[in-house]
Amino acid sequence: MSESPARHLSLQGASNFRDLGGYPTADGRTTRWRHIFRSNHLGQLTTADVESVRALGVRSAFDFRGLEERAAGVCVVNEITVHSLPIEPTVVAALRTELAAGRLTAPVALDIMRQSYRNYVRHNTHSFRTLFGHLLEDRAPLVIHCTAGKDRTGFASALILHALGVPDNVVAEDYLLTNQHYRRDVSSAYDLPADVLDAIGSVEASYLAAAFEAIGSEYGDLETYLRDGLKLGAAERTALKERYLQA
C-alpha cells in the first residue's frame, strides 16, 4: 500500500497549510488528496514556500479575510486567482471593548470566540454558500484561507468535510490540528492579556460546537442547513462527492 502524502506542509511563511485529503467517509470512500487545502494567509510565503505551493498546482484561493486584513497580506503566488469571500473580523474589537470596560478575562474571551462562530451561521452563511458554488465549478487544487486559517477557515473546512460525508469525530480531529501547527503572529493584539491571547490564538471544540448549535437553532439540523442555507441539494451533494472523493 502506498504511503499517504503529508497532511501538513511545513512552510516557512504559513504554518497552518494542510491537506483535507485522506479522510474516510460514511459511504466507504475517502477525500481526495491534493485537491483542497486549508491555510493561514499567503502573504508571507518565502521564495521556497512559493515553489512548494506551485508544485502542488494550486490555482485558486478562497479568502475569508476582511478588507484591511487582505490589504495587509496580499497573496504572493502570482498564478493563484484569489476569490474574496469577506467575513470581517469581530473578535479583537470585542475583546478590546471588554478590556476598556475592565471586564476582560479568559472566560469572557472564550465566550466572544464562541459568539463569533455562531455569527458565521447567523450573518455569514452567504459567504460559505458562495464557497460551495465555487467548489462545484472551480478546478482543484485550491486553497481556502483566512488570516490564521483556524476559525473562518476551520468552520468552512468542517462544512466541506460534513458535506462529503466525513464522520463528526474525524471533522473535529481535523479542526483541532490547528493547535499542533499554527504559529501565532506575536505582533498582533499585543495589548491583550496573555491568557486572552491563548484563548484566541488556538481552537477549542466548544468553538466549532457553538457554530453547529447555531445551525440547530436557525435551521433545525445540519442537513437542512446544507440544503437550504448552502443550497446543496441532492444533485449538488452528488457532484461534490464525485469531484472530491475517491473509492
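Listing for the model above:
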{"quantity": "Share of Cα-Cα pairs in the range 37-80 lying beyond 16 Å, as whole percent", "calculated": "32"}
{"quantity": "Cα-based equivalent ellipsoid of the range 118-159: semi-axis lengths in Å, sorted from largest, via gyration tensor", "calculated": "18, 14, 7"}
{"quantity": "Neighbour count of at most 11 Cβ within 10 Å plus DSSP loop: longest trypsin sites (Lys or Arg not before Pro)-free window in the chain", "calculated": "1-102"}
{"quantity": "Which of 168, 19, 191, 151 is most accessible, then next, and so on - probe 1.4 Å", "calculated": "168, 191, 151, 19"}
{"quantity": "Most to least accessible of 147, 224, 81 (protein chains only, probe 1.4 Å)", "calculated": "81, 147, 224"}
{"quantity": "Volume of the Cα convex hull of the chain, divided per residue and given in Å³", "calculated": "122"}
{"quantity": "Sparse-neighbourhood loop sites, GluC sites (Glu not before Pro) in the range 1-105 - DSSP loop, at most 14 other Cβ within 10 angstrom", "calculated": "3, 79"}
{"quantity": "Computed over the chain: relative contact order in percent, which uses C-alpha pairs under 8 Å that are six or more apart", "calculated": "26"}
{"quantity": "For the range 46-155, average projected area of the Cα convex hull in nm²", "calculated": "8.0"}
{"quantity": "Equivalent ellipsoid, the range 142-247 (semi-axes from 5 times Cα gyration tensor eigenvalues, Å)", "calculated": "29, 16, 12"}
{"quantity": "The chain: DSSP helices with Cα axial extent of at least 20 Å and average Kyte-Doolittle hydropathy no lower than -1.0", "calculated": "106-137, 205-219"}
{"quantity": "For residue 10, solvent-accessible area (1.4 Å; no DNA, RNA or ligand), Å²", "calculated": "100"}
{"quantity": "Loop-located GluC sites (Glu not before Pro) in the range 152-247 whose Cβ has at most 13 other Cβ within 10 Å (DSSP)", "calculated": "none"}
{"quantity": "Interchain or long-range residues, amide H under 5 Å from residue 66's placed H", "calculated": "87"}
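The values are calculated or read from the model by the stated rules, or taken from the named source; none is laboratory data. Model, not experiment: these values are computed from the prediction. We place every Cβ from the backbone using ideal geometry, glycine too, and count neighbours over all the protein chains shown. When the accessible area is computed, the model is the full protein with side chains, heavy atoms only, and any ligands, DNA or RNA have been set aside. Shrake-Rupley method; radii C 1.70, N 1.55, O 1.52, S 1.80 Å.
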